[in-house]
Amino acid sequence: MLMNKKRILAGCVGAAFLFGIIAMLLLPLPVQAEPLQIPDVNIQIGGGTDDPQNLSTVLQLIILLTVLSLAPAILIMLTSFIRIIVVLAFLRSSLATQQMPPNQVLVGLALFLTFFIMAPTLNQVNSDAVQPYLKGEIGQQDAFEKAIAPMRSFMFKQTREKDLALFVKMADIGRPRNFDDIPNYILIPSFIISELKTAFQIGFIIFIPFLVIDMVVASALMSMGMMMLPPMMISLPFKILLFVLVDGWNLVIQSLMLSFK
């Protein structure tokens, strides 16, 4: 028995030595590395800053980069994205499925629903502001005013007067005569808190049926004396079954889209 173990060990050592020799023969010869040369790169816009046209190009580039950096915030705060993502988060919490669906799925669904709901508004912005500006028919100021007008119209439809009155009072600008007298820095936060309230109202309605299931399951477990068994573990399959049977995703998405009408 001992001799067999020694033979097996000797065979393993010999095989390892043979593989080592083969690997050394197959490896390429070392090549002398050349020093890394970093080229000089100079980025310059125009011929000089004394030219007003070159300065205008620089300012346009800075404005473009600023808009691109603020694009996620604009997409989140000025569109229907807030209400959709909050409702979807409430739905996942009411189901108690932890990280199912994942955050990437919820955010992706919220983005595509936002594009679907905002499509008429974005098309109007594109036709009234973006395309004429690209063709040189209007200037930057006119393009901005025509682009923000459809967005303001959308936000006013979803904003409560109480929230507008709150920020008008805090800004101390006097009572506005119409919607055109309300500046954007008052409209945007009013729109955001209105969207949050609406999303919380929808989330409360979503929570009710799942809360009833949790209470029924907890009462049944207590009546059977199984108080050490977590009720959430038993109620989770029933929640998923109920959600599937009533076609929950269809109902939630339909309710969300109808809430913007």
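Go through PHE191, PHE204 for me and flag whichever is assigned to a helix (DSSP H, G or I) and open to solvent by 40 Å² or more (accessible area, probe 1.4 Å). Steps first, answer last, please.
Details: PHE191 fails: open to solvent by 40 Å² or more (accessible area, probe 1.4 Å).
Result of the check over PHE191, PHE204: PHE204.
Could you check how many residues of the range 138-160 are at pLDDT below 85 and either over 15 Å from VAL125 (Cβ atoms) or among the hydroxyl-bearing types (Ser, Thr, Tyr) (or both)?
Residues in the range 138-160 being at pLDDT below 85 and either over 15 Å from VAL125 (Cβ atoms) or among the hydroxyl-bearing types (Ser, Thr, Tyr) (or both): 2 in total.
Just name the residue that is farthest from TRP249 (Cα to Cα) out of those in the range 73-92 that are out of contact with any helix residue (DSSP H, G or I) (no Cβ under 6 Å at 6 or more places or on another chain) and at pLDDT 85 or above.
ALA89
Take the range 93-121 and flag every residue that is modelled with pLDDT under 85 and hydrophobic (A, V, I, L, M, F, W, C).
LEU95, ALA96, MET100
For every residue, the table says whether it meets (1) open to solvent by less than 90 Å² (accessible area, probe 1.4 Å); (2) in contact (Cβ under 8 Å) with a residue 24 or more places away in the chain; (3) closer than 24 Å to VAL86 by Cβ; (4) assigned to a helix (DSSP H, G or I).
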{"site": "SER127", "(1), (2), (3), (4)": "yes, no, no, yes"}
{"site": "PRO150", "(1), (2), (3), (4)": "yes, yes, yes, yes"}
{"site": "LYS162", "(1), (2), (3), (4)": "no, no, yes, yes"}
{"site": "LYS169", "(1), (2), (3), (4)": "no, no, no, yes"}
{"site": "ARG175", "(1), (2), (3), (4)": "no, no, no, no"}
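Find the residue count for the range 129-144, including only residues that are open to solvent by less than 60 Å² (accessible area, probe 1.4 Å), over 17 Å from VAL67 (Cα atoms) and in a helix (DSSP H, G or I).
Number satisfying all stated conditions: 1.
Please go through the range 223-250 and pick out each residue that is open to solvent by 50 Å² or more (accessible area, probe 1.4 Å), assigned to a helix (DSSP H, G or I) and touching a Pro at 6+ places or on another chain (Cβ under 9 Å).
Within the range 223-250, just LEU242 meets the criteria.
The values are calculated or read from the model by the stated rules, or taken from the named source; none is laboratory data. Quick caveat, the model's predicted, so the values are computed rather than measured. Quick reminder, even Gly has a Cβ in these numbers, built from the backbone with ideal geometry, and neighbours come from all protein chains shown. Areas reflect the complete protein model, heavy atoms only, side chains present, ligands, DNA and RNA absent. Shrake-Rupley method; radii C 1.70, N 1.55, O 1.52, S 1.80 Å.
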